[in-house]
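Since the structure comes first, as structure tokens, the remarks are kept for the end.
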Amino acid sequence: MPDSRPLPLPKDLDLGRMPTHVAIVMDGNGRWAQRRGLPRTDGHAAGEEALVDVVYGALAAGIKYVTVYAFSTENWRRPVDEVKFLMNFNESLLKRRARELGEVGIRIVFSGRRDWRVPRRVLANMDDAAELTRRNKTMVLNMAFNYGGRAELIDAITQLVEDGVPARKITEKAIRERLYHPEIPDPDLVIRTSGEYRTSNFLMWEMAYSELVFTEVLWPDFRREDLYAAVSEYQGRRRRYGGLDE
Ligand code: IPE
Ligand code: IPE
Ligand code: MG
């Protein structure tokens, strides 16, 4: 089991300038497995250790929010057996890990569509994990499941219309308030593993000014050291938000 103790952090990390929110596209599971002559699904299973180690690593470093892309609205295009595996796997991961994560102060929340395609028992386990950890305040683990950035915007716009918001009152704030988790600040840092250089419909609105770090490491091999390396790269960036350096 990954170590949940606060291990010594690398010396080059500036603890005064940690990202508040790190979001991760956990990619490369299938390739990790195929390179070993294993079925793709073994790669998803192997990704669990990476996830838990990274979550504990983030906790140890004082990162307040971690969002992970676990299943996209486009992943339904995969073979039905892989989709089924991912549904069962995410359900079992929650069943096995929610209590343990809750005990170290992590609150688990979800972003995504609760549509008919997600089996009811998976939704029930998501609700249980959220309920069990609801009072925790040390860190938020936001699991993007059946999540799409475009779907999130469509859902927000639908809500705007249902709320009867007039055209002149459509502001950034009005949209933001209708996203899945308006209370979570935008990600400061977005990491994508496996050498793919795209965002694949992740957090479209929220990552407008995020710093992006891409790594060749395949997700099942990713560990907290890789997270810290990405944070260190982030700390070397200058964020201007369209303005000028001081
Ligand atoms: C990411 O790994 C996990 C999910 C999309 C659920 P992939 O399954 O996309 O792995 P590759 O990209 O095919 O190697
Ligand atoms: C993004 O990875 C989705 C998740 C990691 C859950 P994909 O593997 O689905 O993205 P594409 O298809 O390579 O863009
Ligand atoms: Mg992929």
Problem - Which numbered condition residue 169 misses (of (1) within 15 Å of ligand 2 (Cβ to nearest atom); (2) open to solvent by 70 Å² or more (accessible area, probe 1.4 Å); (3) farther than 20 Å from residue 27 by Cα) - result: (1)
Fill in the blank from the handout: Filtering the stretch 45-85 down to residues that are in a helix (DSSP H, G or I), more than 22 Å from residue 107 (Cα to Cα), near ligand 2 (Cβ under 10 Å from one of its atoms) and of a type outside the set (Lys, Arg) yields 75
Exercise for the section: Taking the options 113, 107, 117, 40, name whichever one is open to solvent by 40 Å² or more (accessible area, probe 1.4 Å), touching a residue at least 12 places away in the same chain (Cβ under 8 Å) and within 11 Å of ligand 1 (Cβ to nearest atom). Expected result: 40
Exercise for the section: Would you check if there is a residue in the stretch 175-189 being open to solvent by 20 Å² or more (accessible area, probe 1.4 Å) and of a type in the set (Lys, Arg)? Expected result: yes
Completion exercise
The residue that is nearest to ligand 2 (Cβ to nearest atom), considering only those in the stretch 195-207 that are within 20 Å of residue 73 (Cβ to Cβ) and surrounded by fewer than 21 Cβ atoms within 10 Å (Cβ to Cβ), is 200
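The values are calculated or read from the model by the stated rules, or taken from the named source; none is laboratory data. In this text, all values refer to a predicted model and were calculated from it rather than measured experimentally. As a convention, Cβ positions derive from the backbone with ideal geometry for all residues, glycine included, and neighbour counts pool all protein chains shown. Keep in mind that these areas ignore ligands, DNA and RNA; they rest on the heavy atoms of the full protein, side chains included. Shrake-Rupley method; radii C 1.70, N 1.55, O 1.52, S 1.80 Å.
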